[in-house]
Amino acid sequence: QVQLVESGGGLVQPGGSLRLSCRSSGSNFGVYTWSWYRQVSGEERDLIATIAGGGGTNYVDFVKDRFTISRDNAKNTLALQMNSLKPEDTAVYYCNSRPPLFPWGKGTQVTVSS
């Protein structure tokens with residue numbers, strides 16, 4: 001069974017940056033479209049960024065120009081560079097394919113606060 005492990009979260013001040021990583025234990029990582037999702041406490045999990053197998057990317061408006069998704073197919077890893085962080089970015093961040101095909105990992109908590 002594929003396991004997804006997210007890391008890189010933490011506490012950061014508004015305007016700061018974090019880089020999240022996700023490692024998949026599955027094979028054929030490069031075949032899939034991958035995404036980052038986030039979940040604010042008490043709310044639904046939302047899609048925020050997607051990267052296709054060919055490298056094309058897509059972002060929701062509220063992270064566009066601040067977040068950058070990337071992938072390394074050789075290492076089975078997905079990354080999310082987050083810049084200009086805002087308090088409203090506080091959430092647990094998850095990775096999964098799009099659509100989500102694999103069991104969700106534990107996510108990584110990002111807290112943006114002064």
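Just so you know, all these numbers are worked out from the coordinates, no wet-lab data involved. Please read all numbers here as calculations on a predicted model, not as lab measurements. Ideal geometry is used to build each Cβ from the backbone, glycine not excepted, and the neighbour counts take in all protein chains shown.
So the values come out like this:
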read-out: Pairwise label distance in nanometres, GLN1 with ASN58, each label 7 Å out on the Cα-Cβ vector; value: 2.9 nm
read-out: Point-to-point label distance, ARG19-ALA74, nm (Cα→Cβ direction, 7 Å offset); value: 1.6 nm
read-out: Selected from LEU4, THR111, PRO100, residue furthest toward positive end of dipole (the range 1-111; charges at beta carbon); value: LEU4
read-out: Dipole magnitude (debye, nearest 20) for the range 50-114, charges at Cβ of Lys, Arg, Asp, Glu; value: 180 debye
read-out: Cα centroid separation - the range 74-96 against the range 25-57, whole Å; value: 10 Å
read-out: Rounded to the nearest 20 debye, dipole of the chain from Cβ charges on Lys, Arg, Asp, Glu; value: 320 debye
read-out: Relative contact order %, the chain, counting alpha carbon pairs below 8 Å whose residues are six or more apart; value: 38 percent
read-out: Estimated vicinal HN-Hα couplings, Hz - the range 37-52 in sequence order (Karplus 6.51, -1.76, 1.60; Gly, Pro = x); value: 10, 9, 9, 7, 3, x, 10, 6, 6, 10, 6, 10, 7, 9, 9, 7
read-out: Karplus-derived HN-Hα couplings along the range 2-18 (A = 6.51, B = -1.76, C = 1.60, θ = phi - 60°), whole Hz, x at Gly and Pro; value: 5, 10, 10, 10, 9, 8, x, x, x, 9, 9, 6, x, x, x, 10, 9
